[in-house]
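Report on the structure given below.
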Amino acid sequence: NGESPHMALELFKTIAGVNIAHIPYKSAAAAGTAVLAGEVQMGFSGIVQTMPLFRSGRLRALAISSINRSKAAPELPTIAESGFPAYEHKFWAGVLAPAGTPRELVTRLNAEIVSIVGMPDVQIKMLDRGLEPISATPEQFSTIIKIDVAKYGKLVQDIGLKLD
């Protein structure tokens, strides 16, 4: 409950005006198995977990949640292209440090990470797994986090989602 796939579903429900039951699973693998077995009809999942199933033909991918098509699977339309132009949900990952970490260390870590993410072989490996490597400054990443906290905080309040 409350993880990125759940929020992607809840956002879709509000924008599409549909009622889809959220069934929490202990892992993305368990949720994927449930879809494959016909236990549930659909699911929202990160592309990393679903790419192998999609590529093998075992799973039918309907759309991608980002605003732009994925470089890893450009044949997949976006949910926005599929009739819901207000829909955008990003599954992202980043590197965080404790508050109070010296600025010089944050700058150095960021430079090293940007360098690694920019390596052609790293980019190829990430794209093969469905990830689109991007780099940001600490300030840009902080802005992304603040925007998402506000967006999904409002969504959680609007739908009355409660912690278990």
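Of the whole protein surface, Ser115 contributes about 60 Å² of accessible area at a 1.4 Å probe radius.
Sketch the reach of a paramagnetic label on His6 as a point 7 Å from Cα along Cα-to-Cβ, and name the residues of region 25-59 whose backbone nitrogen lies under 20 Å away. Those under the cut-off are 25-35, 40-50.
Accessible surface comparison of Arg129, Arg58, probe 1.4 Å, protein chains only, largest first: the order is Arg58, Arg129. The stretch between Thr143 and Glu112, if pulled fully straight at 0.36 nm per residue, gains 9.1 nm over its current Cα-Cα span.
Work out the charge dipole of region 121-164 with +1 on the Cβ of Lys and Arg and -1 on the Cβ of Asp and Glu about the Cα centre, then indicate which of Gly160, Pro138, Ala150 is farthest towards its positive end. It is Gly160. Carbon-plus-sulfur accessible fraction, the chain (probe radius 1.4 Å, protein heavy atoms only): 60%.
Taken per residue, the accessible surface of region 30-121 reaches 66 Å², heavy atoms only and a 1.4 Å probe. Between Lys90 and Ser135, residue separation times 0.36 nm minus the direct Cα-Cα distance comes to 14.7 nm.
Based on alpha-carbon centroids, what's the gap between region 142-164 and region 43-102 in Å, whole number please? Here the two parts' Cα centres lie 19 Å apart.
The values are calculated or read from the model by the stated rules, or taken from the named source; none is laboratory data. These figures come from a predicted structure and were not determined experimentally. Note that each Cβ is placed from the backbone with ideal geometry, even for glycine, and that neighbours are counted across all protein chains shown. The accessibility values were calculated without ligands, DNA or RNA, using every heavy atom of the protein model including side chains. Shrake-Rupley method; radii C 1.70, N 1.55, O 1.52, S 1.80 Å.
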